[in-house]
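Written out below as structure tokens is the structure these notes cover.
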């Protein structure tokens, strides 16, 4: 179901901003636009994993669904900048429009050759706007690879904060006040389209009961990687951080968790005070516990062949964030890919919820079968009638076949191993 056989952008287009004053001004401007005191993290929302209880939620209120692209999450910040890197836009602002990408590491990239016209006047430029989206690489048989910015939300537009408005309104503003004027400008200026470093496309959304269409028709036609489905409440405001009204669905066996990977090497046989960096290490998965730092979660197994291949490629493994999946057959975690776009792994609470989703996951067939009930409930709400199906009787717990991966990390005695030359022999506990 999930298709990750397409390339993923390896870098974000644009110039990374490194000047501290410039970064501070950008972060403060983002905070001001979002109505925050200060911005210390990526201002985007994050989904929760899909469980059987999520089926009831889809029946109880209006949701939209779209494919979850296998790309790089970014937000576009559009500002009118001045020579001193300030961004206090206002009526009659005579600064220069600048477009920045913000990645999940809360880094800013200044993007050249991209501009957004104002929705009221093509001779003016948009300012003080934040657009949510993701970078993907589309691979088309006739024309090859294309970098595209797929946009799906707008939380600030021309200085107006839209975060408290429902998704259906925000998406409408994005479609009619951002993308439509942009396409009109590009049609009138084909040279501008040619020099843009990427294309900008509006991501398609369906009503939640259109699950079958997305699964059976839309996904097979995709020309970029897919990582499941995203259900978003059409009536809820935008929420920075984890949003329980944004649901990430994958087949249970394909749910993944991000950890920071540590390599811990054993001592040399001939000298226990020295580390044997030529030996195969223990691959340790560290769980992000927020203010409590990181704690040991589990280890993953890597075959001798895979370890040998990675060494030949001189691939950096230690201290990288890795996306892992649970291999029920081998009873271990395995690396799916590296997540260099993230500074840290999933937070502890998110990890627990993902594991619950693995245990209590919903298969594609069950999701499709539920679409009729979701549609009936949606129509009843629109007509002011009660849900004709009544309360859901779907069970809320399913047992995971094989060993529960969560219990593996509860209490483990680590062997005498070393990381970066420091010996360690401790009992690690969550």
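The values are calculated or read from the model by the stated rules, or taken from the named source; none is laboratory data. The model shown is predicted, which means the values in this text are computed figures rather than measured ones. Don't worry about glycine lacking a Cβ; one is built from the backbone with ideal geometry, like all the others, and counts go over all protein chains shown.
Condition test on residue 312, is it surrounded by fewer than 18 Cβ atoms within 10 Å (Cβ to Cβ), out of contact with any strand residue (DSSP E or B) (no Cβ under 6 Å at 6 or more places or on another chain) and modelled with pLDDT under 95? Judged against the criteria, residue 312 is a match. Looking only at residues of region 161-195 that are closer than 17 Å to residue 34 by Cβ and in contact with a helix residue (DSSP H, G or I) (Cβ under 9 Å, 6 or more places away or on another chain), we find that the one that is surrounded by the fewest Cβ atoms within 10 Å (Cβ to Cβ) is 161. Kindly provide the set of residues from region 219-232 that are touching a residue at least 40 places away in the same chain (Cβ under 8 Å) and under 24 Å from residue 336 (Cα atoms), ordered by number. Hits for region 219-232 are 219, 222, 223, 224, 225, 226, 227, 228, 229, 230, 231.
Quick grid of which residues meet (1) assigned to a loop (DSSP other than H, G, I, E, B); (2) over 25 Å from the mean Cα position of the chain (by Cα); (3) assigned by TED's automatic domain parsing to the domain that holds residue 63; (4) within 20 Å of residue 120 (Cα to Cα):
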{"residue": "170", "(1), (2), (3), (4)": "no, no, yes, yes"}
{"residue": "179", "(1), (2), (3), (4)": "no, no, yes, yes"}
{"residue": "185", "(1), (2), (3), (4)": "no, yes, yes, yes"}
{"residue": "204", "(1), (2), (3), (4)": "yes, no, yes, no"}
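Just one of the listed residues (27, 68) is buried (at least 19 other Cβ atoms within 10 Å of the Cβ), in a helix (DSSP H, G or I) and touching a strand residue (DSSP E or B) at 6+ places or on another chain (Cβ under 9 Å), namely 27.
The number of residues in region 296-329 that are touching a helix residue (DSSP H, G or I) at 6+ places or on another chain (Cβ under 8 Å) and touching a residue at least 60 places away in the same chain (Cβ under 8 Å) comes to 5.
For first residues located in region 135-158 and assigned by TED's automatic domain parsing to the domain that holds residue 45 and on the phi > 0 side of the Ramachandran plot, partners that are crowded, with 22+ Cβ neighbours inside 10 Å and outside any strand (DSSP E or B) and lie 6+ apart or on another chain with Cβ distances below 8 Å form the pairs 158/126; 158/128. Restricting attention to region 339-385, and to residues there that are surrounded by fewer than 16 Cβ atoms within 10 Å (Cβ to Cβ) and not in a helix (DSSP H, G or I), which single residue is modelled with the lowest pLDDT? For region 339-385, the residue satisfying everything is 385.
Taking region 258-295, which residues are free of Cβ contacts under 8 Å to residues at least 12 places away in the same chain, part of a loop (DSSP other than H, G, I, E, B) and either crowded, with 21+ Cβ neighbours inside 10 Å or over 35 Å from the mean Cα position of the chain (by Cα) (or both)? Within region 258-295, 269, 270, 276, 278 meet the criteria. Among the residues of region 299-338, those that are over 15 Å from residue 280 (Cβ atoms) and part of a loop (DSSP other than H, G, I, E, B) comprise 313, 314, 316, 319, 320, 328, 329, 330, 331.
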